[in-house]
Structures are given as C-alpha cells and as structure tokens.
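The values are calculated or read from the model by the stated rules, or taken from the named source; none is laboratory data. Quick caveat, the model's predicted, so the values are computed rather than measured. All Cβ positions, glycine included, derive from the backbone under ideal geometry; neighbour counts span all protein chains shown. With ligands, DNA and RNA removed, areas are computed over all heavy atoms of the protein, side chains included. Shrake-Rupley method; radii C 1.70, N 1.55, O 1.52, S 1.80 Å.
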Amino acid sequence: MVRIIDRRFDSKNKSAVNRQRFMRRFKQQIRKAVSEAIHGRSIRDLENGEQISIPARDLSEPSLHHGKGGVWEQVFPGNDQFSTGDRIKRPLGGGGDGAGKGKASQDGEHEDDFVFQLSREEFLDLFFEDLELPRLIRTQLAKVTDYKTRRAGFTSDGVPANINIVRSMRGALGRRLALGSPWAARIRELQQELDEALAHGGEDSEEVRGLREELAALRARIDRIPFIDRFDLRYNNRVKEPRPTTQAVMFCVMDVSGSMDEERKSMAKRFFMLLYLFLTRSYEHIEVVFIRHHTVAKEVDEDEFFHSRESGGTVVSSALELMRGILRERYANGQWNVYGAQASDGDNWDNDSPVCGRLLGKEILPWCQYFAYVEITAGEPQNLWREYTKLEAAHDNFAMQRIESPADIYPVFRELFKKTLA
C-alpha cells in the first residue's frame, strides 16, 4: 500500500487551520448535529459549546493502492455448484461475517463514531448562520468614534516595558559587524602573513613580533566596540486609530399582569435572552432597557424585570408611552439603532388596544429598525393581536408571532429573523 506523507512546513497555527478545514468539509453533518442538539437544551445553555458526533462512515478517506490490472479468472476449491456469472444469494438472517467498519467482530470490537467539541463561538456561528437582523443593511448604521490600538512598527524611544529584545539585539549585532568589518579584514590578512612568517622563520624574528603586536592592537579595538548602545534599542510602537463602531438599544417590554402566569413569563424571558444574544453578534455596544407593566409601566433593572413578583391589571399603552418617552429623551439623536420586543398574553382593555396601535404605529415604529411582538397564549388571538394585525401590513419593520409552549420559542425566533431574499 502506498503511503503519501506531507512534510511541508506548517505554521504555528496548524491546529486551528486543520480544524477550520475539517469543519468546512463536514459542515452539513455538523449543522445537522447542532440542529439536533438545540432541541434538547435550554436558553441558558445556549452560550455553551456542544459535543458533536460524526458517524465513522462519513470520515472515510480515499486510499491509493496497486490494482491487479487486466482480466483475472479464479477457481476456488470446493466450487461444485456455481459457474462464472452466477448470482450468489445473500445469507439468510444477515449471518454473513463481513468486515465492515461498523460491525462488531467476534471479539466485540468495532469502530466508534468521531466525537469532538465545538466551542461557544463555533456553536453560535452555526446556530445563527441562516438568520439576520431585518433592515440591518437598508438602514444606515449609527457610527460612534472609537479607538483601537494596533502595532505600527518600531521606534527609538519608549518605555522599558515596550522594548523589543530581538530587534534591539539584531541592531546591536549589525552595528558591531559594520564597525569591526574593516579591522576584521585586516586581521585576516595579518593572520595569513603571520602563518607564513612562522613557516619561514622562528618565533623570535622581528617580523613575527611586529605582526603579533598589530594583531593584538586590532583585536583590542574590536573588543572596545560596545556590545549594545542606547541607539540600538528598539521599542514596539503602538498607535491609536479611529474606527467606526455600531451601537444599538434593545427595549424589552413584558406584561406582568395577573393573567401572565409564571410559565408565560418564563417563556418571555427566554425569548428576550435569545434576542439579546443575537444582537450581540451584530453590534459592539448594546444598551438594554427593561420595561415591565400591568396597569402602570415602570423601567426596571434586569434583576427586577426577571424576578419581581408584582402584578395587577393590564394597560399595555402605559408601557408604550414610557418607551416613547425614553426614546425621545435618550435615543432620538440618530446615533442609535433601536430594536424592540414586546411579550404579552394579548389580554388588554378593549378601549386601550386602539391607543396601543396608534402609539406603536405613529410614535415608535418610525424610530425602530425592527419591532417584534410575541403573544404567549394557547387559545384564540386576543384583542391586542387583532389591533396589531392592522400594523403588520403597513410597516415592514414590524412582525408578530404566537408562542403556545416552550418548544415554540426557537421556531418563532427563527421565523422572526429568517433571512430574506434581496
């Protein structure tokens, strides 16, 4: 069997390069394994990696070997019932002792599937691969001046912590070679003359003593060259360059009225967490505004938003009015990309739902890149859903979906943020 060994030079990042090549080659199998893993994990585990198993049959490599060539005819001993071209029946009950890799031998040995660990970044890249933020390209991104430090060669001045030892020693060696080069050439000539003088004369000849004195003087000059000097020192130079960065604000609006039980609140929390994680992959700076409401809306911190036990009736417009006020006060300068997500069971006062439609359509959606409404209910659509349906056709930056059980969170999220054809 012919073995081909690649002995080309590999960089120090050989392992990372090989891993990326492996993931590109088996991308379909890995994506399928990630999709299956998603169904069995919770939102809180989404930021972790995943252990992926690929069947051994998908990892088979082509092999090179010498072929027999030509036409071969073989006669095996004990063949008294078959002729050339006869079809041999398969053994009944699968009793054949094939040599397949997936079969266990008589000793109970077989080849296991290949298992490897996906990192958090690799897992999230695959999970969000076919999703996008709507209107992310069509809307101009807000730019904020930020500064990034980068390497910019070397400089002769700096602090000791930034000394580049290799570059400094290289400069010192070059200086010593340059200064001592004329004397080194003369030393080689004198050494050759000294060898010839010693061959023709004695140790005590006048010529030999003169050559040795001159050699000693030249070597002393070379030794007096400093090993390293101040102008040999080189420092790593770092400069700050401005770069545009994007920033976004995410409004989380949740109904905490009495009709929103703990199970519905838990589903809403999971949806908000998933949306925030998705936004962090598109924006460098994200601010989150938490608004919880029953009859009265209030801006709270994350802990109170997720864990407060306060509840009451339902007036959804109070939350939208508070969101409008915060938008005008903090984020109306055109430097922010605004995203909103509202979770409710849809139960609202009949005379308040039209107010919510006007607030959302005229006061909030014009400022938003995207606004998603999620109704968490297992029954018929509520009056708030019917009111928001009128906005969906008129605003392409508004979408709405319904969640009936925790299993619907992922499908609804992917439906809201699926990629659209340009």
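Compute the length gained on full extension between Lys148 and Arg330: take 0.36 nm times their separation in residues and subtract their Cα-Cα distance, giving the result in nm to one decimal.
Values: separation 182, 0.36 × 182 = 65.52 nm, distance 2.62 nm.
Length gained between Lys148 and Arg330: 62.9 nm.
Put a dot 7 Å past each Cα toward the Cβ at Arg209 and Ser266; how far apart are the dots in nm?
So the two model labels end up 10.6 nm from each other.
Would you work out what percent of the accessible area of segment 299-422, with all protein chains in place, is carbon or sulfur (probe 1.4 Å)? All intermediate terms of the calculation are to be shown ahead of the outcome.
Values: 2810 of 5950 Å².
C and S fraction of accessible area: 47 percent.
Segment 205-275: which chymotrypsin sites (Phe, Trp or Tyr not before Pro) are DSSP loop and have at most 14 other beta-carbon atoms within 10 angstrom?
Details: sites: Phe227, Phe231, Tyr235, Phe251, Phe271, Phe272; in loops: Phe227.
Within segment 205-275, the qualifying chymotrypsin sites (Phe, Trp or Tyr not before Pro) (loop, at most 14 other Cβ atoms within 10 Å) are Phe227.
Could I have the simple spin-label model distance between Thr155 and Trp349, label points 7 Å from Cα toward Cβ, reported in nm to one decimal?
6.5 nm
Just the number, please: carbon plus sulfur as a percent of the accessible area of segment 181-225, 1.4 Å probe, no ligands or DNA/RNA counted. Before the final figure, lay out each step's value.
Details: 1550 of 3220 Å².
Answer for segment 181-225 is 48 percent, counting heavy atoms of protein chains only.
Work out the length of the dipole vector of segment 179-328 about its Cα centre, built from +1 on the beta-carbon of each Lys and Arg and -1 on the beta-carbon of each Asp and Glu, and round it to the nearest 20 debye. List each step's numbers first, then the result.
Working: 22 positive and 27 negative charges, 230 e Å.
Rounded to the nearest 20 debye, it is 1100 debye.
If you take the beta carbon distance between Ile222 and Tyr276 as r and set R0 to 60 Å, what does 1/(1 + (r/R0)^6) give as a FRET efficiency, to the nearest 0.05? Please report the intermediate quantities before stating the final value.
Numbers: r = 68 Å, r/R0 = 1.13.
The pair Ile222/Tyr276 has a calculated efficiency of 0.30.
On full extension of the chain, what length is gained from Val166 through Arg414, given 0.36 nm per residue of separation minus the C-alpha to C-alpha distance?
Working: separation 248, 0.36 × 248 = 89.28 nm, distance 5.22 nm.
Contour length minus the Cα-Cα distance gives 84.1 nm.
Filter the trypsin sites (Lys or Arg not before Pro) in segment 227-332 to those in DSSP coil with at most 15 other Cβ atoms within 10 Å of their Cβ, and list the result. Walk me through the numbers on the way to the answer.
On the way: sites: Arg230, Arg234, Arg238, Lys240, Arg264, Lys265, Lys269, Arg270, Arg281, Arg292, Lys298, Arg309, Arg324, Arg328, Arg330; in loops: Arg234, Arg281, Arg309.
For trypsin sites (Lys or Arg not before Pro) across segment 227-332 that sit outside H, G, I, E and B with at most 15 neighbouring Cβ atoms in 10 Å, the list reads Arg281, Arg309.
For segment 143-263, what are the per-bin percents of Cα-Cα distances with bins 5 Å wide, up to the bin holding the maximum?
2, 9, 11, 9, 7, 7, 7, 6, 6, 5, 5, 4, 4, 3, 3, 2, 2, 2, 2, 2, 1, 1, 1, 0
Express in nm, to one decimal, how much length is gained between Val296 and Glu380 on full extension, taking 0.36 nm for each residue of separation and deducting their alpha carbon distance. The partial results should precede the final answer.
Working: separation 84, 0.36 × 84 = 30.24 nm, distance 2.56 nm.
Contour length minus the Cα-Cα distance gives 27.7 nm.
Between Phe22 and Ala178, with labels modelled 7 Å along Cα→Cβ, what's the label distance in nm to one decimal, could you check?
4.9 nm
Please list, ordered by chain and number, the residues whose modelled amide H lies under 5 Å from the amide H of Val289; skip anything fewer than 5 residues away on the same chain.
Met250, Phe251, Cys252
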